[in-house]
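The values are calculated or read from the model by the stated rules, or taken from the named source; none is laboratory data. Computed from a prediction, not measured in an experiment: that's the story for all the values here. Note that each Cβ is placed from the backbone with ideal geometry, even for glycine, and that neighbours are counted across all protein chains shown. All accessible areas refer to the heavy atoms of the entire protein, side chains included, with ligands and DNA or RNA removed. Shrake-Rupley method; radii C 1.70, N 1.55, O 1.52, S 1.80 Å.
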Amino acid sequence: MSEINFTKSLLIIITVILVSSYSQLLSQNFWQLTGNTSTSFGIRPIVTNANGDIFLGTSSDIYGDGIFRSIDGGNSWTQSGLSNLYIWDIVIDTSGNIFAGTRSEGVWRSTDNGDSWTEVNTGFIPQDNTINSLAINSNGEIYAGATNAIYVFSDSGDIWTPINSPNYNGFHPLEINADGDLFVGVAGGRLFRSIDKGLTWTEITITIALTGAIAFNELGHVFAGNLLGIYRSTDKGDTWTQINNGINVGSFIAVNAFTINSAKTMFVGLGGGFGSTSKGVFYSINNGDNWNELNDGLTNNTLSSLTVGLDDYLYAGNAQGQVYKSTNSTTANSLIQKLSDLNLVISDANPAISTINFSPPSAPNKSSSIQGISSVQIIIDEVTHQRTGDLTFTLEHLGVSQTIIFEVGGDGQNFISTILADNNTTPVANGSAPFTGYFKPDNPLNVFDSADPYGDWTLTVTDNYSGNDGILSSWSLIITHDGAT
């Protein structure tokens, strides 16, 4: 064989191998089944502890199969006690103690990572031995939504004390935001909020429809899923906006779980419903304004539970006792960094300039140019200034500079948690100080698309008028790239 023919043959073989490998990569599903849980009962709650161990509770119409645990990322599961019990909910406190709310058997606690369990039911009246929901606040106080009342737990005396509760029953779901406010759904399809640990309650009902899940994002926005879909409130439930874009609700739909990863992407788990074609997992990168389906690999997508692990992998449980896990971390193609406590002065004479650097991963050739940027999200976590209309914000990377905020807000003060991305719907010029929320920048960030994500990203805040100084305290970047091919 001549040298030319041999070279051609070798090139053909290499090309076939590369195309085959790339096709296999593209054909990989987002979801894969984890190890066998050895249960046919539905998966209800899924939670992770500080070590990354995963705990799930099981249930059917009346009974359950207790709690299962995985210490290897879902590769294998072991029955972890409370067999034959219906598990409504699970929470884990900062000390690693696990609390499980059950049907008809109250609350059980494990202090040894699920190896053994002790009943902790002192204080419950007999008709309140079904615990529909559990929630824990930032101070470590645990609240339980029982059949007829809401209770708070005192670990000093291992006793549950009833608090004032709305005049309903079946308290589920029960969630607590970062401010310690309690939000609870009731069997009558209504929602209530308490800002004083249950002393008083305000009804914040969206519509008379059973609520399946409640969640909060980093801005304190409230998300609620009921039989009519998904709703969002930016004022702690005083007003609500329906946000079903991308989800077919039909006559009704089961919204069973919300979860959020470290890149602020929100995921929702749906169990389907009458007339609805939407099941499985959907996600939103713009505060719920739009939802996208994420079901590749879910062979049974009638989901009952959903959570994000410490490593940003997604876990989903269904009504058949199966647990699915994402094949990659949901932030595998993301670069995330926040700079805090900068205390950089923004003056008439000198702008505040700050740089975030992303270093390429260690590799023999140190090459990163094949990882092109697909989206950029920048967060102005905190800028204090007496007049926002004086300020211009620019972002620069690899010689490309873009003005993202230009003299908005007039005499308003400060930028606090201002999240800028091209896929947001409200232009920042239409917002008002302190611009807390999701906004479209004055000029698009897609000028950085397809560029190498690694290197310096420089934010410059310029004061264009005399009279006021300000401070750049903190800002963040979330860069999504295409990944190596």
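Karplus-derived 3J(HN,Hα) values for the range 397-410, using 6.51 cos²θ - 1.76 cosθ + 1.60 with θ = phi - 60°, are 8, 6, x, 9, 10, 9, 7, 9, 9, 10, 6, 10, x, x Hz; glycine and proline are entered as x. Accessible surface area normalised per residue over the chain is 44 Å², counting heavy atoms of protein chains with a 1.4 Å rolling probe.
In order along the range 74-82, phi translates into HN-Hα couplings of x, 5, 9, 10, 10, 5, 10, x, 6 Hz, rounded to whole numbers, per the Karplus curve 6.51 cos²θ - 1.76 cosθ + 1.60 with θ = phi - 60° and x for Gly and Pro. Under 13 Å from a label point set 7 Å out along the Cα-to-Cβ vector of Ser95, the amide N atoms of the range 110-151 belong to 110-113, 140-142. The candidate values were [x] 21, 49, 26, 3, 0; [y] 25, 48, 22, 5, 0; [z] 22, 52, 22, 4, 0; the one computed from these coordinates for P(r) over Cα pairs in 20 Å bins from 0, in percent carries the label [x].
A Förster distance of 60 Å, applied to the separation of the beta-carbon atoms of Ile208 and Leu310, puts the FRET efficiency at 0.95. Oblate is the label for the range 119-218, because a/c, from the alpha-carbon gyration tensor with a ≥ b ≥ c as root eigenvalues, is 1.5 or above and a/b does not exceed b/c.
Per residue of the chain, the DSSP helices (runs of n ≥ 4 H) give a summed -39500 (n - 2.57) that works out to -2000 deg cm²/dmol at 222 nm.
Close amide H partners of Gly74, meaning residues 5 or more places away or on another chain with modelled amide H under 5 Å apart, do not exist here. With R₀ set to 35 Å, the beta-carbon distance separating Val400 from Asp341 gives a calculated FRET efficiency near 0.80. On the chain, 49 percent of the accessible area sits on carbon and sulfur atoms, based on a 1.4 Å probe. Ligands, DNA and RNA excluded, the heavy atoms of Val91 present near 20 Å² of accessible surface to a 1.4 Å solvent probe.
Seen from Gln79, the other residues with C-beta closer than 11 Å to its C-beta sum to a net charge of 0, counting Lys and Arg as +1 and Asp and Glu as -1. Taking 13 Å as the straight-line reach from the Cα of Lys197, the aspartates and glutamates in range (excluding those fewer than 8 positions away in the same chain) are Glu141, Glu175, Asp179, Asp181.
Computed extension gain for Thr239 through Leu33, at 0.36 nm per residue and net of the alpha carbon distance, reaches 70.2 nm.
Coupling constants for the range 345-354 follow from the phi torsions by the Karplus curve (6.51 cos²θ - 1.76 cosθ + 1.60, θ = phi - 60°), and in residue order they are 6, 9, 10, 5, 8, 9, x, 8, 10, 9 Hz; glycine and proline get x. Against the criterion of solvent-accessible heavy-atom surface with a 1.4 angstrom probe, Trp108, Trp160 sort, most first, into Trp108, Trp160.
The Ile62 and Glu293 beta-carbon pair, evaluated with R₀ = 51 Å, returns a calculated FRET efficiency of approximately 0.95.
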